[in-house]
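Enquirer: There's a structure below that I have some questions on.
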Amino acid sequence: MWRNSVGISSKLLTSKSSYSRLPLLNHGVASRSTSTAAGSGPESTEAAGTVKVGFSSSEWVRTGSPGSSAVDLSSFAAASVLKGRDIVDMAKHYGRCYAELSKARLSMLVVATSGTGYILGSGSAIDYMGFCCTCAGTMMVAASASTLNQVFEVKNDAKMNRTKKRPLPSGRISIPHAVTWAASTGMLGTALLASKANMLAAGLGASNLVLYAFVYTPLKQIHPINTWVGAIVGAIPPLLGWAAASGQVSLNGMLLPAALYFWQIPHFMALAYLCRKDYADGGFRMYSLADASGQRTASVALRNCLYLLPLGYLAYDWGLTSGWFCLESTLLALAISGTAISFYMNRTTKDARRMFHASLLYLPVFMSGLLVHRVTESEQQMTVEHTGKIIEMSPFLETTEEAQEEKRKQSIGNGQRRPPVAYASVAPFPFLPAPSYATF
(Lines give C-alpha, C1' and ligand atoms only; values in the text may rest on other atoms or scores of the structure.)
Protein backbone atom coordinates (compact mmCIF):
# COMPACT_ATOMS: atom_id res chain seq x y z
CA MET A 1 0.00 0.00 0.00
CA TRP A 2 2.79 2.34 0.95
CA ARG A 3 4.55 1.52 -2.29
CA ASN A 4 1.41 2.24 -4.29
CA SER A 5 0.91 5.60 -2.62
CA VAL A 6 4.50 6.49 -3.33
CA GLY A 7 4.04 5.52 -6.96
CA ILE A 8 0.90 7.60 -7.27
CA SER A 9 2.54 10.64 -5.69
CA SER A 10 5.55 10.30 -7.93
CA LYS A 11 3.30 10.13 -10.97
CA LEU A 12 1.47 13.27 -9.85
CA LEU A 13 4.74 15.11 -9.38
CA THR A 14 5.91 13.96 -12.77
CA SER A 15 2.71 15.11 -14.40
CA LYS A 16 2.95 18.51 -12.72
CA SER A 17 6.52 18.97 -13.77
CA SER A 18 5.74 17.98 -17.32
CA TYR A 19 2.75 20.30 -17.26
CA SER A 20 4.98 23.19 -16.20
CA ARG A 21 7.28 22.50 -19.12
CA LEU A 22 4.56 22.88 -21.74
CA PRO A 23 5.33 25.09 -24.72
CA LEU A 24 3.51 28.28 -25.43
CA LEU A 25 -0.02 27.76 -26.79
CA ASN A 26 -0.89 30.76 -28.85
CA HIS A 27 -3.68 29.12 -30.86
CA GLY A 28 -5.05 26.51 -28.43
CA VAL A 29 -2.72 23.70 -29.63
CA ALA A 30 -1.89 21.07 -26.99
CA SER A 31 -0.14 17.71 -26.81
CA ARG A 32 -1.80 14.43 -25.96
CA SER A 33 0.33 13.80 -22.90
CA THR A 34 -0.99 17.00 -21.29
CA SER A 35 -4.60 15.92 -21.50
CA THR A 36 -3.73 12.48 -20.16
CA ALA A 37 -1.91 13.93 -17.18
CA ALA A 38 -4.77 16.28 -16.44
CA GLY A 39 -7.19 13.53 -15.60
CA SER A 40 -10.00 11.61 -17.24
CA GLY A 41 -12.62 12.49 -19.74
CA PRO A 42 -13.29 12.09 -23.38
CA GLU A 43 -10.40 14.39 -24.15
CA SER A 44 -7.94 11.70 -23.15
CA THR A 45 -9.19 9.41 -25.88
CA GLU A 46 -8.35 11.89 -28.63
CA ALA A 47 -5.95 10.53 -31.20
CA ALA A 48 -2.36 11.67 -31.19
CA GLY A 49 -1.62 14.48 -33.53
CA THR A 50 -5.04 16.18 -33.31
CA VAL A 51 -4.89 19.92 -33.54
CA LYS A 52 -7.80 20.88 -31.37
CA VAL A 53 -8.74 19.37 -28.03
CA GLY A 54 -11.56 20.11 -25.63
CA PHE A 55 -9.96 22.01 -22.78
CA SER A 56 -12.10 23.72 -20.25
CA SER A 57 -12.08 27.46 -19.98
CA SER A 58 -10.00 27.41 -16.80
CA GLU A 59 -7.38 25.19 -18.44
CA TRP A 60 -7.31 27.45 -21.48
CA VAL A 61 -6.61 30.50 -19.33
CA ARG A 62 -3.92 28.65 -17.39
CA THR A 63 -2.01 27.37 -20.42
CA GLY A 64 -2.52 29.96 -23.12
CA SER A 65 -2.87 33.22 -21.24
CA PRO A 66 -0.99 36.25 -22.58
CA GLY A 67 0.73 36.71 -19.20
CA SER A 68 2.64 33.46 -19.39
CA SER A 69 3.61 34.20 -22.98
CA ALA A 70 5.04 37.59 -21.98
CA VAL A 71 7.04 36.02 -19.15
CA ASP A 72 8.54 33.43 -21.47
CA LEU A 73 9.36 36.06 -24.10
CA SER A 74 11.07 38.26 -21.53
CA SER A 75 13.17 35.34 -20.30
CA PHE A 76 14.10 34.49 -23.88
CA ALA A 77 15.08 38.11 -24.55
CA ALA A 78 17.17 38.21 -21.38
CA ALA A 79 18.96 35.03 -22.44
CA SER A 80 19.60 36.51 -25.88
CA VAL A 81 21.03 39.67 -24.33
CA LEU A 82 23.33 37.65 -22.09
CA LYS A 83 24.48 35.59 -25.03
CA GLY A 84 25.11 38.75 -27.06
CA ARG A 85 27.15 40.22 -24.21
CA ASP A 86 29.23 37.05 -24.04
CA ILE A 87 29.94 37.29 -27.74
CA VAL A 88 30.93 40.96 -27.44
CA ASP A 89 33.18 40.25 -24.45
CA MET A 90 34.84 37.39 -26.32
CA ALA A 91 35.40 39.58 -29.37
CA LYS A 92 36.94 42.33 -27.20
CA HIS A 93 39.18 39.79 -25.46
CA TYR A 94 40.57 38.30 -28.65
CA GLY A 95 40.79 41.72 -30.27
CA ARG A 96 43.03 42.95 -27.46
CA CYS A 97 45.09 39.78 -27.61
CA TYR A 98 45.57 40.02 -31.38
CA ALA A 99 46.50 43.71 -31.10
CA GLU A 100 49.12 42.98 -28.44
CA LEU A 101 50.48 39.98 -30.33
CA SER A 102 50.77 42.11 -33.45
CA LYS A 103 52.41 44.99 -31.54
CA ALA A 104 49.86 47.30 -33.12
CA ARG A 105 51.69 50.60 -32.57
CA LEU A 106 55.00 49.28 -33.87
CA SER A 107 53.26 47.69 -36.85
CA MET A 108 51.54 50.99 -37.63
CA LEU A 109 54.94 52.68 -37.69
CA VAL A 110 56.14 50.01 -40.13
CA VAL A 111 53.08 50.67 -42.28
CA ALA A 112 53.81 54.41 -42.21
CA THR A 113 57.35 53.88 -43.51
CA SER A 114 56.09 51.52 -46.20
CA GLY A 115 53.40 53.98 -47.26
CA THR A 116 55.93 56.81 -47.44
CA GLY A 117 58.16 54.67 -49.65
CA TYR A 118 55.18 53.92 -51.89
CA ILE A 119 54.34 57.60 -52.37
CA LEU A 120 57.97 58.51 -53.07
CA GLY A 121 58.21 55.76 -55.67
CA SER A 122 54.91 56.61 -57.37
CA GLY A 123 56.09 59.65 -59.26
CA SER A 124 53.40 62.12 -60.32
CA ALA A 125 50.41 59.70 -60.21
CA ILE A 126 49.60 57.70 -57.08
CA ASP A 127 47.58 54.50 -57.34
CA TYR A 128 45.51 54.77 -54.18
CA MET A 129 44.11 51.25 -54.42
CA GLY A 130 47.62 49.88 -54.72
CA PHE A 131 48.67 52.13 -51.85
CA CYS A 132 45.94 50.72 -49.57
CA CYS A 133 46.69 47.12 -50.54
CA THR A 134 50.40 47.63 -49.94
CA CYS A 135 49.76 49.11 -46.50
CA ALA A 136 47.34 46.29 -45.61
CA GLY A 137 49.76 43.60 -46.76
CA THR A 138 52.61 45.23 -44.86
CA MET A 139 50.45 45.37 -41.73
CA MET A 140 49.63 41.66 -41.95
CA VAL A 141 53.25 40.64 -42.49
CA ALA A 142 54.39 42.85 -39.60
CA ALA A 143 51.69 41.39 -37.34
CA SER A 144 52.79 37.87 -38.22
CA ALA A 145 56.46 38.63 -37.54
CA SER A 146 55.67 40.25 -34.18
CA THR A 147 53.48 37.32 -33.13
CA LEU A 148 56.16 34.76 -33.99
CA ASN A 149 58.66 36.87 -32.06
CA GLN A 150 56.50 36.59 -28.94
CA VAL A 151 55.92 32.87 -29.47
CA PHE A 152 59.66 32.22 -29.48
CA GLU A 153 60.30 34.54 -26.52
CA VAL A 154 57.38 33.59 -24.26
CA LYS A 155 59.67 32.33 -21.48
CA ASN A 156 61.90 35.38 -21.70
CA ASP A 157 58.96 37.76 -21.69
CA ALA A 158 57.62 36.14 -18.53
CA LYS A 159 60.79 37.23 -16.68
CA MET A 160 60.65 40.89 -17.71
CA ASN A 161 58.45 43.48 -16.04
CA ARG A 162 57.95 45.27 -19.34
CA THR A 163 56.58 42.20 -21.17
CA LYS A 164 55.21 39.78 -18.58
CA LYS A 165 51.64 41.01 -19.08
CA ARG A 166 51.59 40.14 -22.77
CA PRO A 167 48.95 37.61 -23.89
CA LEU A 168 51.23 34.56 -24.02
CA PRO A 169 53.14 34.98 -20.70
CA SER A 170 49.92 35.90 -18.89
CA GLY A 171 48.06 32.91 -20.31
CA ARG A 172 45.30 34.91 -21.94
CA ILE A 173 45.80 33.04 -25.20
CA SER A 174 47.42 29.72 -26.06
CA ILE A 175 50.57 29.23 -28.11
CA PRO A 176 48.82 27.14 -30.83
CA HIS A 177 46.24 29.89 -31.20
CA ALA A 178 48.99 32.50 -31.57
CA VAL A 179 50.84 30.36 -34.13
CA THR A 180 47.63 30.00 -36.14
CA TRP A 181 47.13 33.75 -36.06
CA ALA A 182 50.72 34.37 -37.18
CA ALA A 183 50.54 31.84 -40.02
CA SER A 184 47.23 33.14 -41.34
CA THR A 185 48.21 36.81 -41.29
CA GLY A 186 51.63 36.14 -42.79
CA MET A 187 50.26 34.13 -45.71
CA LEU A 188 47.40 36.55 -46.36
CA GLY A 189 49.71 39.56 -46.27
CA THR A 190 52.23 38.02 -48.66
CA ALA A 191 49.47 36.90 -51.01
CA LEU A 192 47.95 40.38 -51.00
CA LEU A 193 51.30 41.99 -51.86
CA ALA A 194 51.88 39.46 -54.64
CA SER A 195 48.43 39.90 -56.21
CA LYS A 196 47.87 43.64 -55.81
CA ALA A 197 51.44 44.97 -55.95
CA ASN A 198 54.14 42.77 -57.49
CA MET A 199 56.31 39.77 -56.70
CA LEU A 200 59.26 41.97 -55.74
CA ALA A 201 57.26 43.58 -52.94
CA ALA A 202 55.92 40.20 -51.83
CA GLY A 203 59.44 38.76 -51.77
CA LEU A 204 60.71 41.66 -49.68
CA GLY A 205 57.82 41.21 -47.25
CA ALA A 206 58.34 37.47 -46.88
CA SER A 207 62.12 37.81 -46.51
CA ASN A 208 61.67 40.48 -43.86
CA LEU A 209 59.31 38.20 -41.92
CA VAL A 210 61.88 35.39 -42.00
CA LEU A 211 64.72 37.74 -41.08
CA TYR A 212 62.84 39.16 -38.10
CA ALA A 213 61.29 35.99 -36.70
CA PHE A 214 63.98 33.41 -37.44
CA VAL A 215 67.24 35.41 -37.46
CA TYR A 216 66.85 38.55 -35.35
CA THR A 217 64.75 36.90 -32.61
CA PRO A 218 67.20 34.08 -31.73
CA LEU A 219 70.18 36.44 -32.12
CA LYS A 220 68.84 38.53 -29.24
CA GLN A 221 69.85 35.70 -26.91
CA ILE A 222 73.16 34.94 -28.65
CA HIS A 223 75.08 38.09 -29.68
CA PRO A 224 74.78 41.92 -29.42
CA ILE A 225 74.92 42.15 -33.22
CA ASN A 226 71.17 41.61 -33.10
CA THR A 227 70.69 45.40 -32.95
CA TRP A 228 72.25 45.89 -36.38
CA VAL A 229 70.28 42.97 -37.83
CA GLY A 230 67.13 44.53 -36.41
CA ALA A 231 68.07 47.82 -38.09
CA ILE A 232 68.15 46.01 -41.44
CA VAL A 233 64.69 44.61 -40.69
CA GLY A 234 63.40 48.12 -40.02
CA ALA A 235 64.94 49.49 -43.22
CA ILE A 236 63.21 47.02 -45.56
CA PRO A 237 59.55 48.25 -45.32
CA PRO A 238 60.16 51.63 -47.06
CA LEU A 239 62.06 49.76 -49.77
CA LEU A 240 59.06 47.41 -50.03
CA GLY A 241 56.76 50.38 -50.57
CA TRP A 242 59.05 51.86 -53.23
CA ALA A 243 59.24 48.51 -55.04
CA ALA A 244 55.46 48.09 -54.87
CA ALA A 245 54.95 51.46 -56.56
CA SER A 246 57.78 51.50 -59.11
CA GLY A 247 58.40 47.78 -59.62
CA GLN A 248 62.13 48.18 -59.11
CA VAL A 249 64.82 49.08 -56.59
CA SER A 250 66.74 52.21 -57.57
CA LEU A 251 69.27 54.49 -55.93
CA ASN A 252 66.64 57.07 -55.00
CA GLY A 253 64.65 54.34 -53.29
CA MET A 254 67.55 53.65 -50.91
CA LEU A 255 67.44 57.07 -49.25
CA LEU A 256 64.58 56.44 -46.82
CA PRO A 257 65.81 52.91 -45.94
CA ALA A 258 69.22 54.42 -45.14
CA ALA A 259 67.56 56.96 -42.86
CA LEU A 260 65.62 54.17 -41.12
CA TYR A 261 68.78 52.12 -40.64
CA PHE A 262 70.85 54.94 -39.13
CA TRP A 263 67.91 56.20 -37.05
CA GLN A 264 67.27 52.84 -35.40
CA ILE A 265 70.74 52.56 -33.87
CA PRO A 266 70.47 55.56 -31.49
CA HIS A 267 66.81 54.73 -30.89
CA PHE A 268 67.52 51.19 -29.71
CA MET A 269 70.75 52.10 -27.95
CA ALA A 270 68.80 54.53 -25.79
CA LEU A 271 66.09 51.93 -25.17
CA ALA A 272 68.62 49.23 -24.30
CA TYR A 273 70.38 51.59 -21.88
CA LEU A 274 67.11 52.48 -20.17
CA CYS A 275 65.95 48.84 -19.89
CA ARG A 276 69.26 47.19 -19.02
CA LYS A 277 67.89 45.38 -15.97
CA ASP A 278 64.88 44.03 -17.85
CA TYR A 279 67.03 42.77 -20.71
CA ALA A 280 69.43 41.12 -18.26
CA ASP A 281 66.55 39.40 -16.45
CA GLY A 282 65.12 38.19 -19.74
CA GLY A 283 68.40 36.70 -20.92
CA PHE A 284 68.93 39.01 -23.90
CA ARG A 285 72.45 39.86 -25.07
CA MET A 286 72.18 43.57 -25.74
CA TYR A 287 75.11 45.85 -26.54
CA SER A 288 74.57 47.99 -23.45
CA LEU A 289 74.88 45.02 -21.07
CA ALA A 290 78.55 44.55 -21.95
CA ASP A 291 79.22 48.27 -21.51
CA ALA A 292 79.09 49.14 -17.83
CA SER A 293 80.13 52.76 -18.29
CA GLY A 294 77.84 53.33 -21.28
CA GLN A 295 80.60 55.07 -23.23
CA ARG A 296 80.62 52.66 -26.17
CA THR A 297 76.83 52.67 -26.31
CA ALA A 298 76.79 56.46 -26.44
CA SER A 299 79.55 56.61 -29.06
CA VAL A 300 77.71 54.19 -31.36
CA ALA A 301 74.54 56.25 -31.01
CA LEU A 302 76.40 59.51 -31.73
CA ARG A 303 78.17 58.10 -34.76
CA ASN A 304 74.93 56.97 -36.39
CA CYS A 305 73.27 60.31 -35.63
CA LEU A 306 76.06 62.03 -37.56
CA TYR A 307 75.42 59.68 -40.48
CA LEU A 308 71.99 61.29 -40.79
CA LEU A 309 73.46 64.72 -41.63
CA PRO A 310 74.11 64.31 -45.40
CA LEU A 311 70.80 62.61 -46.20
CA GLY A 312 68.97 65.87 -46.83
CA TYR A 313 71.60 67.04 -49.31
CA LEU A 314 71.54 63.66 -51.07
CA ALA A 315 67.76 63.84 -51.40
CA TYR A 316 68.10 67.26 -53.03
CA ASP A 317 71.09 66.31 -55.17
CA TRP A 318 69.38 63.18 -56.49
CA GLY A 319 66.29 65.16 -57.44
CA LEU A 320 64.02 63.52 -54.89
CA THR A 321 63.13 66.69 -52.96
CA SER A 322 63.51 70.44 -53.19
CA GLY A 323 66.23 72.46 -51.55
CA TRP A 324 64.09 73.26 -48.50
CA PHE A 325 64.24 69.65 -47.37
CA CYS A 326 68.04 69.82 -47.36
CA LEU A 327 67.86 72.59 -44.76
CA GLU A 328 65.13 70.94 -42.67
CA SER A 329 66.80 67.52 -42.64
CA THR A 330 70.12 69.04 -41.61
CA LEU A 331 68.49 70.86 -38.70
CA LEU A 332 66.74 67.66 -37.59
CA ALA A 333 69.96 65.68 -37.72
CA LEU A 334 71.76 68.38 -35.73
CA ALA A 335 69.03 68.29 -33.10
CA ILE A 336 69.17 64.54 -32.53
CA SER A 337 72.97 64.68 -32.70
CA GLY A 338 72.90 67.28 -29.93
CA THR A 339 71.02 64.89 -27.64
CA ALA A 340 73.47 62.13 -28.56
CA ILE A 341 76.40 64.41 -27.65
CA SER A 342 74.75 65.16 -24.31
CA PHE A 343 74.31 61.45 -23.67
CA TYR A 344 77.93 60.78 -24.66
CA MET A 345 79.22 63.41 -22.24
CA ASN A 346 77.04 62.55 -19.23
CA ARG A 347 75.71 58.99 -19.80
CA THR A 348 72.79 59.37 -17.43
CA THR A 349 69.28 57.95 -17.60
CA LYS A 350 67.89 61.44 -18.13
CA ASP A 351 70.09 62.05 -21.18
CA ALA A 352 69.33 58.60 -22.59
CA ARG A 353 65.61 59.29 -22.26
CA ARG A 354 66.05 62.67 -23.96
CA MET A 355 67.79 61.02 -26.90
CA PHE A 356 65.05 58.38 -27.04
CA HIS A 357 62.34 61.04 -27.19
CA ALA A 358 64.30 62.95 -29.85
CA SER A 359 64.44 59.79 -31.96
CA LEU A 360 60.68 59.40 -31.64
CA LEU A 361 60.26 62.94 -32.95
CA TYR A 362 62.87 62.69 -35.71
CA LEU A 363 61.33 59.97 -37.86
CA PRO A 364 57.79 61.34 -38.41
CA VAL A 365 59.14 64.84 -39.08
CA PHE A 366 61.73 63.48 -41.53
CA MET A 367 59.14 61.45 -43.45
CA SER A 368 56.69 64.37 -43.47
CA GLY A 369 59.39 66.60 -44.93
CA LEU A 370 60.08 64.06 -47.66
CA LEU A 371 56.42 63.99 -48.63
CA VAL A 372 55.92 67.75 -48.49
CA HIS A 373 59.04 68.68 -50.47
CA ARG A 374 59.18 65.74 -52.84
CA VAL A 375 59.70 66.49 -56.53
CA THR A 376 57.67 64.40 -58.95
CA GLU A 377 58.95 63.04 -62.24
CA SER A 378 57.00 65.60 -64.25
CA GLU A 379 58.54 68.44 -62.25
CA GLN A 380 61.98 66.92 -62.71
CA GLN A 381 61.38 66.66 -66.46
CA MET A 382 60.25 70.28 -66.64
CA THR A 383 63.37 71.37 -64.77
CA VAL A 384 65.61 69.35 -67.10
CA GLU A 385 63.92 70.77 -70.20
CA HIS A 386 64.19 74.31 -68.89
CA THR A 387 67.87 73.82 -68.13
CA GLY A 388 68.42 72.36 -71.59
CA LYS A 389 66.78 75.35 -73.24
CA ILE A 390 68.96 77.71 -71.26
CA ILE A 391 72.07 75.79 -72.33
CA GLU A 392 70.97 75.82 -75.96
CA MET A 393 70.26 79.53 -75.91
CA SER A 394 73.45 80.49 -74.12
CA PRO A 395 75.67 80.72 -77.31
CA PHE A 396 73.07 82.91 -79.00
CA LEU A 397 72.80 85.09 -75.91
CA GLU A 398 76.56 85.39 -75.74
CA THR A 399 76.72 86.33 -79.44
CA THR A 400 74.00 88.94 -79.00
CA GLU A 401 75.69 90.42 -75.97
CA GLU A 402 79.02 90.54 -77.80
CA ALA A 403 77.43 92.30 -80.78
CA GLN A 404 75.75 94.84 -78.53
CA GLU A 405 79.01 95.48 -76.72
CA GLU A 406 80.81 95.97 -80.07
CA LYS A 407 78.21 98.46 -81.24
CA ARG A 408 78.47 100.35 -77.98
CA LYS A 409 82.23 100.57 -78.33
CA GLN A 410 81.92 101.74 -81.93
CA SER A 411 79.40 104.39 -80.97
CA ILE A 412 81.71 105.63 -78.24
CA GLY A 413 84.66 105.62 -80.66
CA ASN A 414 82.74 107.44 -83.33
CA GLY A 415 81.62 109.98 -80.81
CA GLN A 416 85.18 110.78 -79.91
CA ARG A 417 86.08 111.34 -83.60
CA ARG A 418 83.27 113.82 -84.21
CA PRO A 419 84.52 117.33 -84.98
CA PRO A 420 83.58 120.07 -82.51
CA VAL A 421 81.75 122.01 -85.19
CA ALA A 422 79.13 119.30 -85.43
CA TYR A 423 77.84 120.06 -81.99
CA ALA A 424 77.70 123.72 -82.77
CA SER A 425 75.94 123.18 -86.08
CA VAL A 426 72.89 121.49 -84.57
CA ALA A 427 71.46 123.83 -82.02
CA PRO A 428 72.71 127.35 -82.75
CA PHE A 429 72.36 127.12 -86.50
CA PRO A 430 69.31 125.02 -87.35
CA PHE A 431 69.22 126.34 -90.92
CA LEU A 432 72.49 124.62 -91.70
CA PRO A 433 72.37 121.06 -93.07
CA ALA A 434 73.05 118.19 -90.72
CA PRO A 435 76.72 117.22 -90.78
CA SER A 436 77.73 113.84 -92.02
CA TYR A 437 80.33 111.86 -90.11
CA ALA A 438 82.85 109.75 -91.88
CA THR A 439 84.09 106.58 -90.25
CA PHE A 440 87.82 106.01 -90.21
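Enquirer: Quick one: compute a quarter of the convex hull surface over the Cα atoms of segment 98-155 and quote it in nm². It would help to have the intermediate numbers written out before the result.
Expert: Details: hull surface 16.1 nm².
Across all orientations, segment 98-155 yields a mean hull projection of 4.0 nm².
Enquirer: Determine the share of segment 206-336's accessible area contributed by carbon and sulfur atoms, expressed in whole percent, with a 1.4 angstrom probe.
Expert: 67 percent
Enquirer: Could I ask something else about it? Could you please put Met199, Met90, Met367 in sequence from largest to smallest accessible area, using a 1.4 Å probe? Display every interim value, and only then the final one.
Expert: Values: Met199 140, Met90 115, Met367 15 Å².
Final ranking, largest accessible area leading: Met199, Met90, Met367.
Enquirer: From the alpha carbon gyration tensor of segment 188-256, can you work out the equivalent ellipsoid semi-axes (sqrt of 5 times each eigenvalue) and give them in Å, largest to smallest? Intermediate values should be presented prior to the final figure.
Expert: Values: eigenvalues 119, 46, 7 Å².
So the equivalent ellipsoid measures 24, 15, 6 Å along its semi-axes.
Enquirer: Taking 7 Å along the Cα-to-C-beta vector as the label spot, tell me the Leu106-Ala77 distance in nanometres, rounded to one decimal.
Expert: 4.9 nm
Enquirer: Round to the nearest 0.05 the FRET efficiency obtained for Leu327 and Met90 when R0 = 45 Å and r is the Cβ-Cβ distance. Show your work: numbers first, answer last.
Expert: Details: r = 54 Å, r/R0 = 1.19.
Working from the Cβ atoms, E equals 0.25.
Enquirer: Along Cα→Cβ, 7 Å out, is where each label goes; now give me the distance between the ones at Cys132 and Asn346 in nm to one decimal.
Expert: With each label point 7 Å from Cα toward Cβ, the separation is 4.8 nm.
Enquirer: Can you tell me how much longer the chain between His177 and Lys165 gets when fully stretched, taken as 0.36 nm per residue apart minus their C-alpha distance, in nm with one decimal?
Expert: On the way: separation 12, 0.36 × 12 = 4.32 nm, distance 1.73 nm.
Length difference between fully extended and current span is 2.6 nm.
Enquirer: Over the Cα atoms of segment 242-389, how large are the radius of gyration and the largest Cα-Cα distance (Dmax), in Å?
Expert: 18.3, 67
Enquirer: To the nearest 10 square angstrom, how much accessible area does Thr349 have with a 1.4 angstrom probe?
Expert: 70 Å²
Enquirer: Further, regarding this structure: How far, in nm, would the chain grow between Ala292 and Gln221 when pulled straight, counting 0.36 nm per residue and subtracting the alpha carbon separation?
Expert: Working: separation 71, 0.36 × 71 = 25.56 nm, distance 1.87 nm.
Value of the extension gain: 23.7 nm.
Enquirer: With N denoting the number of residues in segment 259-334, provide Rg(C-alpha) divided by 2.2 N^0.38 Å, to two decimal places. All intermediate terms of the calculation are to be shown ahead of the outcome.
Expert: On the way: Rg = 15.9 Å, N = 76, 2.2 N^0.38 = 11.4 Å.
Segment 259-334 yields a ratio of 1.39.
Enquirer: Right, another one. In terms of modelled amide H atoms, which long-range or inter-chain residues lie less than 5 Å from the amide H of Thr321?
Expert: Under 5 Å from the amide H of Thr321 lie the amide H atoms of Tyr316, Val375, each far enough along the sequence or on another chain.
Enquirer: Right, another one. Per-residue HN-Hα couplings for segment 196-213, Karplus 6.51 cos²θ - 1.76 cosθ + 1.60 at θ = phi - 60°, whole Hz, x for Gly and Pro?
Expert: Taking θ as phi minus 60°, the curve returns 9, 10, 6, 5, 5, 5, 5, x, 5, x, 5, 5, 5, 4, 5, 5, 6, 7 Hz for segment 196-213.
Enquirer: Right, here's the next one. Leaving out ligands, DNA and RNA but keeping every protein chain, what accessible area does Leu209 have, in Å² rounded to the nearest 10, with a 1.4 Å probe?
Expert: 20 Å²
Enquirer: Could you tell me the distance between the Cα centroids of segment 106-156 and segment 358-373, to the nearest Å?
Expert: 18 Å
Enquirer: Label segment 184-305 by shape, choosing from rounded, prolate and oblate, from the square roots a ≥ b ≥ c of the eigenvalues of the Cα gyration tensor; if a/c is under 1.5 it is rounded, and otherwise prolate applies when a/b is larger than b/c, oblate when it is not.
Expert: oblate
Enquirer: For Phe268, Phe76, give the ranking by accessible area with the largest first, probe 1.4 Å. Don't jump to the answer; show the numbers that get you there.
Expert: Numbers: Phe268 75, Phe76 140 Å².
Sorted by accessible area, descending: Phe76, Phe268.
Enquirer: Gain in length, Lys155 to Ser250, computed as 0.36 nm per residue apart minus the alpha-carbon separation, to one decimal in nm? Mind dumping the intermediate values first?
Expert: Working: separation 95, 0.36 × 95 = 34.20 nm, distance 4.18 nm.
Working it through step by step, the gained length comes to 30.0 nm.
Enquirer: Looking at this model, which pairs from Lys92/Lys155; Lys83/Lys165; Lys220/Lys350; Lys277/Lys350 are more than 19 angstrom apart at the alpha-carbon? Please report the intermediate quantities before stating the final value.
Expert: Working: Lys92/Lys155 25 Å; Lys83/Lys165 28 Å; Lys220/Lys350 25 Å; Lys277/Lys350 16 Å.
The answer is Lys92/Lys155; Lys83/Lys165; Lys220/Lys350.
The values are calculated or read from the model by the stated rules, or taken from the named source; none is laboratory data. Note that the structure is a prediction, hence the values are computed from the model and not measured. All Cβ positions, even for glycine, are placed from backbone atoms using ideal geometry, and neighbour counts span all protein chains on display. Heavy atoms of the whole protein, side chains included, go into the accessibility calculation; ligands, DNA and RNA do not. Shrake-Rupley method; radii C 1.70, N 1.55, O 1.52, S 1.80 Å.
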